[in-house]
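Each remark here refers to the structure printed beneath this line.
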Amino acid sequence: MPERFRLLEKIAFSFVCFVTLMGTAFFAYGSSPGVRGGVQVGKELIIKSGQYSYACATTAHDPCAQFPIQ
């Protein structure tokens, strides 16, 4: 089999897996209130992580001193 067909096969398989994962996530989100709460908590953690990363990257001297470590 030529290399280009192997590459197309890998792309198609990745797409099928991604669509399956998104469908499963959609059904889980719609049917389970626990998943909805977990999504909200995850969203808040990602926002905090982004703020922390930005603050640490922009400060030149002792980048993360302003954040307490818990």
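Rule-based calculations on the coordinates, nothing more; no lab input. Please read all numbers here as calculations on a predicted model, not as lab measurements. Here the Cβ is made from the backbone with ideal geometry for all residues, glycine too, and neighbour counts use every protein chain on show.
Distance between the modelled labels on Met22 and Glu3, one decimal in nanometres: 3.0 nm (7 Å Cα→Cβ projection). Work through the residues other than Gln51 whose Cβ is under 14 Å from its Cβ and net out their charges, Lys, Arg +1 and Asp, Glu -1. Computed value for this residue: +1.
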